[in-house]
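Reading through the structure tokens given below for one structure.
The values are calculated or read from the model by the stated rules, or taken from the named source; none is laboratory data. Model, not experiment: these values are computed from the prediction. Cβ coordinates were reconstructed from backbone atoms using ideal geometry, including for glycine residues, and neighbour counts include every protein chain displayed.
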Amino acid sequence: MEFSLRWLAEYVDLPEDPRDLARRLTNAGLAVEGMTARGDDTVLDVEVTTNRPDCMNHLGLAREIAVLYDRPLRWPEMDPAEVAESVDDAAAVEVEEEVFCPRYVARVVRGVRVGPSPEWLKRRLESIGLRPINNVVDVTNFVLWELGQPLHAFDLATLAGARIRVRLAYGGEKLTTLDGVERELDEQVLVITDAERAVALAGIMGGLDTEVTERTRDVLLESAHFNRRAVRVGARKLGMHTDASHRFERGADPEICERAASRAARLLAEVAGGTVLAGSIDVRSIQQVGWPPRGRLELAKLNRFAGAEVPAAGVEKWLTGLGFRLEPAGNGDAPAWEVTIPSWRYYDFQTRHETPHETYPQDLYEEVLRIFGLDNIPAALPGIPGADAPRPEPVIRRERLRRLLAA
């Protein structure tokens, strides 16, 4: 997965030597497999493992860099200027399948002028190998690679009834996707519909009939959280793989939806001349048991696990920098913390099935130790105890015979 250093530098101050950055990231579990010069930029090729979808975007990788180098993280401006008209007067959203779509956020931007993107936006996308399309689509791709949240832009005028509905497809239902392919669906494929027909494959790809074109003036931005299994099943059945499905199948951040939609709306107003309607439509199901995930970290147990002395101040600084919330739960002689897992790491931390549904402490140990540095843990072989009893006579005879035959 490619990351632009100039793009990363918008969120964190980078070290002067990119080779040192590559080494530090690799040691922290984000293996840098190559560096390529592209004009005045350098692009890192990073192997982001399937359990780290939070790092499949520039802000997520910048967060790691900020912690590794003890530097502040700069979030981009999110909130757009809004007009008086409410989004609730322009569109409506209904979610039938709350398990498969626990959250759906929509924002509306009116009066856009679809055309080429400004040079800065083109350069950002081209630096990581993406082809600019138009200013509206480019904004959604930019936010995907900035924040990690897949978005989709509908031409609002083409949505029958100005309505969005999330449901499972009907058997034999058909949809022509943005790539021009007519696809036959079945009851296991999650779709987005308007008041009349399917208009998008949820978490995979939009439909051709509602795409943004040069005639588009009003845009509805979709920023949703789709169930990993639902997206995986749909993508496999249809033989598809997209940037959106790649992230949803691994687990996007359930709490970034509204912020990502607002970020995209702000950028659309900037690059396409639109005006953002007030508020957002935010339909979400009741949070499941064990949300947000929590766990307990005891310093003494961490040190025994690691075979090294990890400083308590370091634990607090590193985990806080990575977005974990720590509440002291020990005393001066035995530091411990109650830890709340950030939403963007939700899928990386399994919780126990039994009450109180805490995360496994070993996952927290690993998080601390990869920043502490595995090289700082002394190498030591485990003690090997002596024999509990004399060797049996048959074993002695067998070894004696083996030595005689070998001679």
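Structure above, values below:
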| read-out | value |
| --- | --- |
| Residue within the range 20-31 that is in a loop (DSSP other than H, G, I, E, B) and under 17 Å from the mean Cα position of the chain (by Cα) present | yes |
| Tally, over the range 227-257, of residues that are in contact with a Ser or Thr (Cβ under 6 Å, 6 or more places away or on another chain) and surrounded by fewer than 22 Cβ atoms within 10 Å (Cβ to Cβ) | 3 |
| The range 1-19, subset over 12 Å from Leu59 (Cα atoms) and not in a helix (DSSP H, G or I), residue nearest to the chain's Cα centre (by Cα) | Met1 |
| Any chance Ile256 is aliphatic (A, V, I, L, M) and over 19 Å from the mean Cα position of the chain (by Cα) | no |
| Where Val310 falls short, out of the listed (1) surrounded by fewer than 18 Cβ atoms within 10 Å (Cβ to Cβ); (2) on the phi < 0 side of the Ramachandran plot | (1) |
| Strands (runs of 3 or more DSSP E) contained entirely in the range 134-184, each with at least 2 residues that are without any contact (Cβ under 8 Å) to a residue 40 or more places away in the chain | 174-176, 182-184 |
| Per-region count, the range 163-183, residues exposed (fewer than 13 other Cβ atoms within 10 Å of the Cβ) and in contact with a Ser or Thr (Cβ under 8 Å, 6 or more places away or on another chain) | 1 |
| Tally of residues being of a type in the set (A, V, I, L, M, F, W, C) and farther than 21 Å from Pro72 by Cβ across the range 301-359 | 13 |
| Qualifying residues in the range 342-361 (those that are under 22 Å from Lys301 (Cα atoms) and part of a helix (DSSP H, G or I)) - the one modelled with the highest pLDDT | Pro361 |
| Lone qualifier among Val143, Val108, Val83, Val87 - being among the β-branched types (Val, Ile, Thr), in contact with a Leu (Cβ under 7 Å, 6 or more places away or on another chain) and closer than 23 Å to Trp344 by Cα | Val143 |
| Residue match in the range 101-121 (condition: assigned to a helix (DSSP H, G or I), of a type in the set (Phe, Trp, Tyr) and either without any contact (Cβ under 8 Å) to a residue 24 or more places away in the chain or crowded, with 17+ Cβ neighbours inside 10 Å (or both)) | yes |
| Qualifying strands (runs of 3 or more DSSP E) (wholly inside the range 261-314; at least 3 residues being under 30 Å from Val112 (Cβ atoms) and touching a residue at least 40 places away in the same chain (Cβ under 8 Å)) | 275-278, 281-284 |
| In the range 9-38, residue surrounded by the most Cβ atoms within 10 Å (Cβ to Cβ) [restricted to those that are touching a residue at least 40 places away in the same chain (Cβ under 8 Å) and more than 24 Å from Leu369 (Cα to Cα)] | Tyr11 |
| Single residue of Arg232, Arg183, Arg167, Arg236 found to be basic (Lys, Arg), touching a strand residue (DSSP E or B) at 6+ places or on another chain (Cβ under 7 Å), modelled with pLDDT of 95 or more and over 23 Å from Ala261 (Cα atoms) | Arg183 |
| Subset tally (residues that are within 24 Å of the chain's Cα centre (by Cα) and at pLDDT below 95) for the range 261-295 | 12 |
